[in-house]
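Computed from the coordinates by the stated procedures, all read-outs in this text should not be read as laboratory data. Just so it is clear, the structure is predicted and the values come from calculations on it, not from any experiment. Here the Cβ positions follow ideal geometry from the backbone for every residue, glycine too, while neighbour counts run over all protein chains shown.
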Amino acid sequence: MSVAPALLVQNLSVEFRTRSGVVKALESVSFTVAKGETLAIVGESGSGKSVTAYAVMGILDPAGHVTGGTAMLGGLDLLSASNAAMSEVRGREIAMIFQNPRAALNPIRSVGRQIADVLIRHGNVPRKEAPERAVEMLRAVGIPDPSRRAKAYPFEMSGGMCQRVMIAIAIAAKPSMLIADEPTTGLDVTTQAVIMDLISELSSGTGMATIFITHDLALAAQRADRIAVMHAGHVIECAATRELFERPRHPYTAELIAATPDRAANLDELASIPGALPDLRRTDLPPCRYSERCPRKMTECDQPLPRSPAVAAHMVACWNPLR
Amino acid sequence: MGNLILKRLLLAVPSLIGVVIVTFLLTRALPGDPAAYFAGPAATAEAVEEIRVKLGLDQPLIVQFVRYIGDLSHGDLGSSLTTGQPVAAEIKRRLPASAELTLLGLLVSMAIAVPLGILAATQPGSLIDHACRVVTTAGVSLPVFFTGLILIYVFYYKLGWAPAPLGRLDIFFSPPPQVTGFYLIDSLIAGNGALFVASLKQLILPALTLGIFSLAPIARMTRASMLAVLSSDFVRSARASGLSSFTVVVTYAFRNAMLPVITTLGMVFSFLLGANVLVEKVFAWPGIGSFAVEALIASDFAPVQGFVLTMAIMYVALNLIIDILYGLIDPRMRLEA
């Protein structure tokens with residue numbers, strides 16, 4: 001924790017105002033990522049991993065509103081910055097890659113031009129040189145025959161190739177922070193490993209910090225320096241990877257680790273966590289949103305959660321943690 | 001690309017053959033006896049029969065059809081029974097008037113509808129979105145002859161801004177030497193500014209009438225298709241990579257959203273060909289729509305046949321253009337060809 005943080009998110013809260021009620025998607029989410037570090041955000045579907053990333057990037061749906069908190073990137077609070085300031089920062093200082101890379105690329109623009117668009121916007125690259133530089137970017141992310149591939153359209157490339165193109169677009173302006181939102185979902189296992197290797201290679205080469213969003217705890221364990229576990233819009237635990245696996249403190253984290261498939265010898269042994277995420281539109285949500293599923297629930301659990309600083313070595317949001 | 005055009009052209013051949021057969025049968029199935037009409041109300045049964053033989057209408061259908069095909073292959077569409085003029089020459093004279101009007105009408109409606117749809121989609125729930133809804137609802141619910149009459153009433157009768165709705169040119173002007181048949185273009189080629197202004201003045205109201213009529217489908221389709229594209233993954237990632245909102249909305253979103261809009265344009269154009277008939281009547285426009293209506297009332301089958309065939313060819317050509325535009329915009333279409 002000695003290194004300066006690349007990104008410091010504190011007390012981020014997000015609501016979605018929908019026709020069927022207000023969804024309290026994030027509540028007081030805090031975490032930090034140091035320069036050159038990889039933080040994994042894990043959690044089940046609907047736990048708020050992607051919403052956290054979208055809020056930080058300022059690309060929430062129109063229905064989504066940031067209701068509080070700060071996200072400091074260098075000296076700039078991303079949550080209160082103007083649209084103009086954000087569009088300068090996005091892609092230049094903080095970039096993002098998405099799941100389902102083929103859909104995340106413009107289907108009717110050649111991949112070379114899409115990279116060139118970002119280079120012209122952020123990289124101080126003259127319009128004339130941009131196509132050439134785009135080919136270099138494609139080479140940098142390991143695409144064979146890059147000058148021919150630059151003219152290709154996303155539908156002519158494999159999913160893995162498309163994700164490499166996305167990565168090339170993301171790192172085109174050499175950002176200090178990369179958010180990878182389930183970058184390997186939908187790719188086959190060998191491609192997954194190659195893409196993950198590429199991301200870690202690029203980040204270790206440039207000191208770029210990485211947030212890696214996944215629902216796959218095992219993958220997070222292999223790739224991340226630290227892991228933040230999310231449940232129903234809360235960060236319930238955040239610690240160094242080894243620490244988290246050896247000494248999980250939140251009951252939910254412990255259950256998640258126990259439920260990781262490679263620990264079970266067969267299907268019967270495969271543990272599952274009882275219950276489901278609470279409905280975030282409820283007005284009577286308990287302070288600890290896990291309490292209704294929690295086997296260790298006590299009376300204190302109805303009190304507001306204990307606050308711990310975002311930079312704590314091992315943060316846990318629980319009144320009755322393990323150990 | 002060349003491949004795609006060739007393929008579409010070949011595909012158009014069977015549809016044209018179908019059109020030739022159907023128009024032939026349809027005009028024969030029309031109620032009313034052309035021979036009786038041509039002979040006049042006082043004619044005897046023998047006189048009518050004589051005319052029938054003269055016109056070849058006493059022959060079996062198949063013989064008539066073979067003769068029709070034979071004439072068609074020479075570009076001969078027959079002659080009008082009422083005027084005696086060859087139909088092909090008449091259509092050639094009148095088509096540019098209709099085409100100029102229709103294209104300008106389409107241009108007017110696109111110039112209003114496309115920006116309106118884009119703005120409505122980028123700011124849903126805003127004032128401009130509501131304005132878009134009102135304009136499109138009004139556009140679909142007003143019959144085209146009614147809009148035309150209202151425009152004439154307000155801008156010619158009340159305000160006196162527009163010239164009398166009496167055709168393509170004021171009687172003090174003579175048409176420019178024919179190059180394209182479009183007065184706007186021909187007057188510019190002839191370097192005659194006054195003539196250009198005069199023909200534009202005549203065109204504005206009927207073109208506006210057609211424009212208002214075709215506004216609604218284009219604006220609605222632009223809005224719907226922009227909304228869909230703006231919420232797609234690639235627009236989100238374009239935003240995430242910090243591209244300016246102009247690039248995101250125009251270069252990324254709009255080019256993708258254009259595909260369904262172009263399809264709608266094709267449909268709208270075919271509606272306009274139909275609406276033309278009424279607008280040409282209201283504005284005394286010497287186009288092929290009014291020509292066809294007069295012929296239809298007189299059971300004059302040759303002009304009707306010629307009109308339907310012309311429309312069909314235009315429609316096929318239009319679809320070809322749309323396919324080519326699709327290919328230009330969407331690389332996936334090129335592959336399919």
For segment B:2-73, what mean projected area does the convex hull of the alpha carbons give, in nm²? 6.1
Tabulate in residue order the Karplus-calculated ³J(HN,Hα) for segment A:294-304, using 6.51 cos²θ - 1.76 cosθ + 1.60 with θ = phi - 60°, rounded to whole Hz; enter x for Gly and Pro. 8, x, 9, 5, 10, 5, 4, 5, 7, 7, x
Can you compute the FRET efficiency between A:Asn83 and B:Leu107 using 1/(1 + (r/R0)^6), with r the Cβ-Cβ distance and R0 = 35 Å? Round to the nearest 0.05. 0.55
Under 18 Å Cα-Cα from A:Lys297, which aspartates and glutamates qualify once same-chain neighbours fewer than 8 residues away are excluded? A:Glu237, A:Glu255, A:Asp284
Taking a cut-off of 19 Å between Cα atoms, list the lysines near A:Lys174, but don't count ones fewer than 8 places away on the same chain. A:Lys35
Using the Cα atoms of the protein assembly as shown, I'd like the radius of gyration and the largest Cα-Cα distance, Dmax, both in angstrom. 34.5, 116
Within the set B:Gly167, B:Gly105, B:Gly56, GNM on chain B using Cα springs under 10 Å gives the largest fluctuation to B:Gly56
Separation in nanometres of the label points that stand 7 Å from Cα toward Cβ, at B:Thr137 and A:Thr190: 6.0
Setting aside same-chain residues fewer than 8 positions from A:Lys24, which lysines have a Cα under 16 Å from its Cα? A:Lys49
Determine, from the Cβ-Cβ distance of A:Ala218 and A:Arg307 and an R0 of 22 Å, the FRET efficiency 1/(1 + (r/R0)^6), rounded to the nearest 0.05. 0.10
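Under the Kirkwood approximation for Rh and a Cα-based Rg, what ratio Rg/Rh is obtained for chain A? Please list the in-between numbers first.
Details: Rg = 20.3 Å, Rh = 20.6 Å.
A ratio of 0.98.
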How high is the relative contact order of chain B, in percent, with contacts defined as C-alpha pairs under 8 Å that are six or more residues apart? 28
Rank A:Phe31, A:Phe212, A:Phe155 by mean-square fluctuation in a GNM of chain A with C-alpha springs under 10 angstrom and give only the top-ranked residue. A:Phe155
Over 19 Å between alpha carbons, listed pairs B:Lys7/B:Lys92; A:Lys151/B:Lys7; A:Lys128/A:Lys151: B:Lys7/B:Lys92; A:Lys151/B:Lys7
About its Cα centre, how strong a charge dipole does the protein assembly as shown have in debye, to the nearest 20, once Lys and Arg get +1 and Asp and Glu get -1 at the Cβ? 1040
Difference of contour (0.36 nm per residue) and Cα-Cα distance, A:Glu156 to A:Ser204: 14.2 nm
What three numbers, in Å, describe the spread of the alpha carbons of segment A:179-250 along their principal axes, ordered from the longest? 33, 28, 22
Selection from A:Thr210, A:Ser200, A:Ile236, by position along the positive dipole direction of segment A:188-268 (Cβ): A:Ile236
In what order do B:Asp330, B:Asp33 fall by count of nearby beta-carbon atoms within 10 Å, going from fewest to most? B:Asp33, B:Asp330
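Rounded to the nearest 0.05, what FRET efficiency is calculated for B:Leu149 and B:Arg93 with R0 set to 22 Å and r the Cβ-Cβ distance? Don't skip to the end; give the middle numbers.
Working: r = 27 Å, r/R0 = 1.22.
After rounding, the FRET efficiency stands at 0.25.
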Taking a crude spin-label model, label points 7 Å out from Cα along the C-beta direction, the B:Val250 to B:Met267 distance in nm is 2.9
The Cα extents of chain B along the principal axes, largest first and rounded to whole Å, are 83, 54, 40
Arrange the peptides A:113-126, B:246-259, A:183-196 so that the one whose residues have, on average, the most other Cβ atoms within 10 Å appears first. A:113-126, B:246-259, A:183-196
Quick check: pseudo-label points 7 Å beyond the Cα along Cα→Cβ at A:Asp279 and B:Ile321, how many nm apart are they? 5.5
Taking each residue in A:58-71, count the Cβ atoms of any other chain within 10 Å of its Cβ, then average. What number comes out? 1
Would you please report the Å³ per residue occupied by the convex hull of the alpha carbon atoms in segment B:168-251? 144
Of the residues B:Gly117, B:Gly125, B:Gly78, which exhibits the maximal mean-square fluctuation in a Gaussian network model of chain B defined by a 10 Å Cα contact cut-off? B:Gly125
